[in-house]
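Here the structure is laid out as structure tokens; the discussion comes afterwards.
The values are calculated or read from the model by the stated rules, or taken from the named source; none is laboratory data. Owing to the predicted nature of the structure, the values given are computational and were not obtained by experimental measurement. Backbone-built Cβ (ideal geometry, glycine too); neighbour counts: all protein chains shown.
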Amino acid sequence: MYTGKTVFTQLLDHLPLHHFRRCVKRYKGNYKVQSFTCLDHYLCLFFAQLTYRESLRDSTTCLLGMQNKLYHMGIRGKIARSTLADANEKRDWWIYQDFAHILIHHARELYSKDAFGVNLKETVYALDSIMIDLCLALFPWATFRTRKGAVKMHRLLDLRGNIPSFVAITDGKVHDLNILDVLIIEPGSFYIMDRGYTDFDRLNHIHQAQGFFVIRGKSKLSFRRQYSRPVDKTNGFQCDQTIKLIGPSSSFYYPEQLRRIRYVDPQTGKSYVFLTNNFELSAEVIADLYKCRWQIELFFKWIKQHLRIKAFYGTSENAVKTQIWTAISVYVLIALVKKKLNLDITLYTFLQILSVSVFEQVDILQLITNSAGTAQNTCGCNQLNLFDL
């Protein structure tokens, strides 16, 4: 039964705030804080992400315009731009990272049985990174090149539900391969990577941990073919081979057998070579698994286009990482609510509706239903279309 809560407050009902308070206590976030607590800080940033605010002044102006609703939104402290700026500089960003990981854990449980395009019981991950450009004059700590600053976001995406299971934020100089050193490999799981992650020492670590990898092979690879399996060349497959590496370095770091599959896309004519340590799945399934890696590219594109991680509210490392982790929290929470309410709309549509309705006192499910009905009525009107073909 609906009790008259605003949309923003209904979203907060899905946040495990008791876990948030534990994160705050772990890092002593409220130590010597009198009025503007870590929860007030998080909710202000959450509001800014949800409603596409471009600056701290923009956020505080909108919130102060709804002063009579702030208490019911969970914001108890006095809001001011300087107070919010100080919180961005001083509140430990690890608080918001740990809380985002808690949300990620809940989301992965909800999406654990979802299909993702390939009929597999095992967990399938896609690994990639994205560069977030920064002005070196404003962000001198974000060293990347002589005249350019940047931070890099590394993500391991669970393809069931497109939920990030691992996120690391480093400076731009950290190579993608270094992230493989900190990943905890799950036995039986698949890790899909682009050829930028080709390092046979690290791939052998995945193999020894009983995980499976599918990676796009580089053009210059020294190997010796041992066996060949029959393939259906009408579907674009050219070969399915069992190989051993013969390069002096690669054979030392990966002495085991590898499977090499060559595939030519019938539509584009582009050739792909896949390397994997899995010898059980068919060549078609291996190719489909790598094709699913595109989901992480779409995920990065969605994050950059629809959340605030290009215009930052502060220039310190703490402020930047706090904002990025808050953005991740928003994405995961929207995915959580969408799954719990069983909404048949995209995350983009859901976020757009929420962004203009946070102060509305209407049930979220009713809001989405009415919005969908309005869209259908608009499309079904009798007015002629200008470009009707």
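Got a sec? Which of Arg202, Arg260 is surrounded by 13 or more Cβ atoms within 10 Å (Cβ to Cβ) and either in contact with a Phe, Trp or Tyr (Cβ under 6 Å, 6 or more places away or on another chain) or closer than 18 Å to Val285 by Cα (or both)?
Arg260 is the lone residue from the list that is surrounded by 13 or more Cβ atoms within 10 Å (Cβ to Cβ) and either in contact with a Phe, Trp or Tyr (Cβ under 6 Å, 6 or more places away or on another chain) or closer than 18 Å to Val285 by Cα (or both).
Which residue pairs have Cβ atoms closer than 9 Å, lie 6 or more positions apart in sequence or on different chains, and pair a first residue in region 346-372 that is in contact (Cβ under 8 Å) with a residue 40 or more places away in the chain and among the hydroxyl-bearing types (Ser, Thr, Tyr) with a second residue that is surrounded by 14 or more Cβ atoms within 10 Å (Cβ to Cβ) and not in a helix (DSSP H, G or I)?
Close Cβ pairs (under 9 Å, with a partner that is surrounded by 14 or more Cβ atoms within 10 Å (Cβ to Cβ) and not in a helix (DSSP H, G or I)) amount to Ser355/Thr51; Ser355/Tyr52; Ser357/Thr6.
Among the residues of region 10-51, which ones are hydroxyl-bearing (Ser, Thr, Tyr) and surrounded by 15 or more Cβ atoms within 10 Å (Cβ to Cβ)? Let's see the steps before the verdict.
Taking region 10-51 as the starting set, the residues that turn out to be hydroxyl-bearing (Ser, Thr, Tyr) are 27, 31, 35, 37, 42, 51.
Scanning region 10-51 gives Tyr27, Thr37, Tyr42, Thr51.
Is it the case that some residue within region 145-157 is basic (Lys, Arg), assigned to a strand (DSSP E or B) and surrounded by fewer than 19 Cβ atoms within 10 Å (Cβ to Cβ)?
yes
Run down Asp133, Asp98 and say which single residue is at pLDDT 90 or above and among the acidic types (Asp, Glu).
Asp98
Exactly one of (1) touching a Lys or Arg at 6+ places or on another chain (Cβ under 6 Å); (2) outside any loop (DSSP other than H, G, I, E, B) is unmet by Lys218. Its number?
In the conditions (1) touching a Lys or Arg at 6+ places or on another chain (Cβ under 6 Å); (2) outside any loop (DSSP other than H, G, I, E, B), Lys218 misses (2) alone.
Given (1) in contact (Cβ under 8 Å) with a residue 24 or more places away in the chain; (2) in contact with an Asp or Glu (Cβ under 9 Å, 6 or more places away or on another chain), where does Phe200 come up short, assuming only one miss?
Single failed check for Phe200: (2).
Among Ile179, Ile206, which is on the phi < 0 side of the Ramachandran plot, outside any loop (DSSP other than H, G, I, E, B), of a type in the set (Val, Ile, Thr) and at pLDDT 95 or above?
Ile206
Report, ordered by the first and then the second residue, all pairs with beta carbons closer than 8 Å, sequence separation of six or more or different chains, a first member in region 267-290 that is more than 16 Å from Gly217 (Cβ to Cβ), and a second member that is among the small types (Gly, Ala, Ser) and part of a loop (DSSP other than H, G, I, E, B).
The qualifying pairs are Asp288/Gly117.
Please work out which one of (1) assigned to a loop (DSSP other than H, G, I, E, B); (2) touching a strand residue (DSSP E or B) at 6+ places or on another chain (Cβ under 9 Å); (3) more than 25 Å from Val124 (Cα to Cα) is the condition Tyr227 fails and give its number.
Condition (1) is where Tyr227 drops out.
Which condition from (1) modelled with pLDDT of 90 or more; (2) on the phi > 0 side of the Ramachandran plot is the one that Gly161 breaks?
Result: Gly161 passes all but (1).
Which of the residues spanning region 257-279 are in a loop (DSSP other than H, G, I, E, B) and not acidic (Asp, Glu)? Let's see the steps before the verdict.
Going through region 257-279, the residues in a loop (DSSP other than H, G, I, E, B) turn out to be 257, 265-270, 277-279.
Residues satisfying the conditions are Gln257, Pro266, Gln267, Thr268, Gly269, Lys270, Asn277, Asn278, Phe279.
Could you tell me whether any residue of region 95-110 is touching a residue at least 40 places away in the same chain (Cβ under 8 Å), assigned to a helix (DSSP H, G or I), of a type in the set (S, T, N, Q) and in contact with a Leu (Cβ under 9 Å, 6 or more places away or on another chain)?
There is no residue in region 95-110 that is touching a residue at least 40 places away in the same chain (Cβ under 8 Å), assigned to a helix (DSSP H, G or I), of a type in the set (S, T, N, Q) and in contact with a Leu (Cβ under 9 Å, 6 or more places away or on another chain).
Just checking, how many residues over region 64-87 are part of a helix (DSSP H, G or I), in contact (Cβ under 8 Å) with a residue 40 or more places away in the chain and closer than 17 Å to Lys32 by Cβ? Write out each step before concluding.
To start, the set of residues in region 64-87 that are part of a helix (DSSP H, G or I) comprises 64-65, 67-69, 81-87.
Cutting the leftovers down to in contact (Cβ under 8 Å) with a residue 40 or more places away in the chain gives us 69, 83-85, 87.
Cutting the leftovers down to closer than 17 Å to Lys32 by Cβ gives us 83, 87.
Number satisfying all stated conditions: 2.
Looking at region 301-316, which of its residues are surrounded by fewer than 17 Cβ atoms within 10 Å (Cβ to Cβ) and either of a type in the set (Asp, Glu) or assigned to a helix (DSSP H, G or I) (or both)?
Lys301, Trp302, Lys304, Gln305
Going through region 33-63 one residue at a time, which ones are of a type in the set (Gly, Ala, Ser) and assigned to a loop (DSSP other than H, G, I, E, B)?
Ser35, Ser55
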